[in-house]
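This report refers to the structure that appears directly beneath it.
The values are calculated or read from the model by the stated rules, or taken from the named source; none is laboratory data. All figures in this text were calculated on a predicted structure; none of them were measured in a lab. Cβ placement follows ideal geometry from the backbone for every residue including glycine, while neighbour counts extend to all protein chains displayed.
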Amino acid sequence: MKKITALLVSLIMSCAVMAGCSDSSSSSSSKADSTSKAETSAAADESTASEAGTATDLEDTLTAQYTKKIQGESLAIDMTVASEYDNSSAVVEISGGNMHMKMNFMGVDMDIYNIDGVMYTLDSESKTYYTVDMEESIDDFKSEIGYGINDSYKFISSETTDDGLICETFESTEDPDIELESGVTLDTSDSDDYSFTTTFKYYFNADTKDIVKIETISDGSTTTVTVNSFTTENVEVKLPDDFDSWTEQSFDKDTEDIPYDAELDVESGAESAE
């Protein structure tokens, strides 16, 4: 479920710091007038986006408009993810190039900040933190964090559900990354045998056009992302007010020291393939 785990992409290193996983592990200066113009433009776009069950092209969908919003200068989203394997929750705040994510994943609470290219992993009980320099920009993760779509998605339909929601359905087909040893070849004449398709269903309130939930269906398994709240206005990301009094802890990934009591059973892709 590549898309479902995308929420955690920007936190792989922090998961390792917090729970002893294996090694596989911009500025916010938007001006008021530009913000107002962006909001006016977004409102105009939404007015032409799909009404109940009328969209016929991907660019006309409410999902496309939602994706534009999460790729903007700021956003705050509160999500609950439910699947047959695990339930998790996350609150993500992004302002400019800074991010704050507070989540519970596999029973472990995480409080992560990315400020000016440095990722801070906080333990509020002990008032301690760990830092990791981040090479990636938050912009690289915005769409994935909010489960946005891109041009590779195929728009299937837009319809109104029995409970009055607008449901927009998309499909995404991907070829798995297969690494072969030197000298080994793979017959790809029937490429469909090696690809997989995921169905995405985006549900919106018919009146407000707000995102309500997202369902992904892949290989017979369904994961539901419930959007408890979402906004792109008045979002601020900053470390706790008393952060100057917190203590920075060192973490050596080559040792067996685990800074948190909890332990995750997370395998790397290479280990899973063995």
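A few points about this structure:
- For the range 123-142, taking the residues that are in a loop (DSSP other than H, G, I, E, B) and at negative phi, the one that is surrounded by the most Cβ atoms within 10 Å (Cβ to Cβ) is identified as Phe141.
- Unique match (being touching a Ser or Thr at 6+ places or on another chain (Cβ under 7 Å) and at pLDDT 95 or above) among Thr128, Thr63, Thr67: Thr128
This table checks each residue for (1) of a type in the set (Ser, Thr, Tyr); (2) part of a strand (DSSP E or B).
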position: Thr198; (1), (2): yes, yes
position: Lys213; (1), (2): no, yes
position: Val225; (1), (2): no, yes
position: Phe230; (1), (2): no, yes
position: Pro240; (1), (2): no, no
